[in-house]
Amino acid sequence: MSEERRRAIGTILEAGFQMESDAFKALMEVSVAGQLDPLVKEILRVAGAVEPRPSSISRDLVLRAAEHLDLSGKGMETEHGGLRQGRRFAEDLESRLEVVSDPTGKLGTTGAFDDFLHYFRNRFDKMSLLFRQRMDTRNAGTISDALSGGSNGRGRFICMVLDKREKGDRIFLTVDDYEDEATVLVGRQNSTVYEMARKIVRDQVIYIQARKSAGPLLIAESIVLPEIPDRKPAHANEEIYAALVSDVHVGSKVFLEDEFRRVLAWLKGEIGTPNQREVAERVKYVLIGGDLVDGIGIYPRQEVDLAVPDIYEQYRLAAKFVSEIPEYMEVVLIPGNHDAVRQALPQPAIPKDFAGPVYDSRRIVSLGDPAEVRLHGVHFLLYHGTSLMDILSGVPGLDYQRPVEVMEYQLRARHLSPEYGKMTPIGPEQEDFLVVDRVPDVFTSGHIHVSGAGVYRGTTIVNSGAWQGQTDYQKRMGLVPKPGILPVVNLKTLDVKMINFQ
């Protein structure tokens, strides 16, 4: 054993830790001449942050410290070199990518009154169909039926919420359908219905069962959201992975370039623990969920946050990163609110006029936002997530640090942006592309720069976080991102691995 290694072990023992045999072996594997001292310091830092404090240093602690210092790919290549020799697992696997839905080429609103009328009617019709496919709501009547009943008569109907007012311990919903309009009272005495009403937003389509009062008022006895059914999702036959990337923000002063380069190095099999390299070998799909670049003029005083103030140069730089993704991997790209495309949802694919260098860098499947694809038979709903902040501000009990709950609400509402006219611009198209018609196996978003994963009624929910540090604008808004974490979905099991590249 070299003197440097003896000194390293001595430092660990002096700090009050024992050294497990597997940990010692890992230390020898990842150590690089001249870099043992910083590695030991990082091991002690990581161990000191663990609660409760461990009595010994494990192999896992050593590898975690090595990853933090970007040493995990060094020193392992000899022992695990087989992972980098010859062809990789996903390289020999035929792509099975099917585009299910893409708004590109189907958009063209003029903003005329009739466009708004068609849009809301299409939303109501689509959502009504979802209700009529359910056993418990399929026999809904109309608002007129409920109003025409005598005092204490019962009615049930599908309606759109025009307005919502809270007064003391009562909530008043103004609702309508094709035939009539009514005011529905929700009192606190029925706590379940009251809590549901608190989470309802304007323009949402819901099912109400109500009792007729002596006057023209309806009193809600139950409120039902369209919901997704509890179901068994599809699975791939092979253990193959999809890496979910969003909010890269190339061109920002706080773009995490080093961390993102580590992602690319990992995809190429150059760094990572043995287990991480095995996962990288099986990555067949890379899904980029919008905000590839930071854009220009997206928010007030954005220019102070830009390292590259030219949108064309931002895409040229982004193309260099995208070109490093191994060629055998399928790359799917959708836009976000920072990309050079119309801001109103739904968005078409990013035009070649701006993103030409990206499209020239390799094969790209470029779609609009939202879009749906099947990967090895697994149905993905891809959405950048622009409306997530609107939902957070309108629905009590949600927190942007828990993105899965916000996305779960979208699935329950069967709509990606239930409330019209808030911060999220929505184009009044002939069809409402934001209705969740088909239940996805995986629902993925980004936008709020906090990664997370969960499962709701069989659908795997993933927010893919970001690769941008906190901007001055986010500081002013009180937003604290958690960037540098890459979610990777196993298409065979739908399990989600969160790999930290910080």
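The values are calculated or read from the model by the stated rules, or taken from the named source; none is laboratory data. Every value quoted in this text rests on a predicted model; they were computed, and no experiment measured them. Methodologically, a virtual Cβ is constructed for each residue, glycine included, from the backbone with ideal geometry; neighbour enumeration extends over all protein chains shown. Note: areas computed on protein heavy atoms with side chains; ligands, DNA, RNA excluded. Shrake-Rupley method; radii C 1.70, N 1.55, O 1.52, S 1.80 Å.
Here are a few things to note about the model shown:
- Region 296-422, relative contact order in percent, only Cα pairs under 8 angstrom and at least six apart counted: 19
- Stretched out straight at 0.36 nm per residue, the stretch from residue 457 to residue 500 would grow longer than its current Cα-Cα span by 12.8 nm.
- Residue-averaged [θ]222 nm for the chain, counting only DSSP H segments that reach four residues, each worth -39500 (n - 2.57): -8500 deg cm²/dmol
- Among (1) 238; (2) 172; (3) 199, the entry that matches volume of the Cα convex hull per residue in Å³ as calculated here: (2)
- Most simply put, the chain has about 65% antiparallel DSSP beta bridges, counting only bridges with both residues inside it.
- Reachable lysines, given that their alpha-carbon falls under 23 Å from the alpha-carbon of residue 497 and they are not under 8 places away in the same chain: 74, 232, 268, 284, 482
- For the set 134, 45, the ranking by accessible area, highest first and with no ligand, DNA or RNA atoms included, is 45, 134 under a 1.4 Å probe.
- Length-normalised contact order of the chain in % [C-alpha pairs under 8 Å, at least 6 apart]: 16
- Around the Cα centre of the chain, unit charges on the Cβ atoms of Lys, Arg, Asp and Glu (plus for the first two, minus for the last two) sum to a dipole of about 1040 debye.
- Unit charges at the beta carbon, dipole of region 120-219: most positive-side option, 209, 189, 144: 189
- Furthest towards positive pole of dipole, 11, 315, 222, structure part the chain, Cβ charges: 222
- When the surface is traced with a 1.4 Å probe over the full set of protein chains, residue 479 keeps roughly 40 Å² accessible.
- Test item: Cα-centred dipole of region 152-261, Lys/Arg +1 and Asp/Glu -1 on Cβ, debye: 720
- Taking 0.36 nm per residue of separation and subtracting the current Cα-Cα distance, fully stretching the chain between residue 113 and residue 231 would add 38.5 nm.
- Inter-label distance, residue 6 to residue 360: 6.0 nm, where each label sits 7 Å from its Cα along the C-beta direction.
- Label-point separation in nm, residue 431 to residue 18, each point 7 Å along Cα→Cβ: 6.5
- The listed residues 102, 22, once ranked by accessible area (1.4 Å probe) with the largest placed first, stand as 22, 102.
- Signed unit charges on C-beta, dipole axis of the chain, positive-most listed residue 483, 397, 39: 397
- Beta bridges assigned by DSSP with both partners in region 296-445 are antiparallel in approximately 55 percent of cases.
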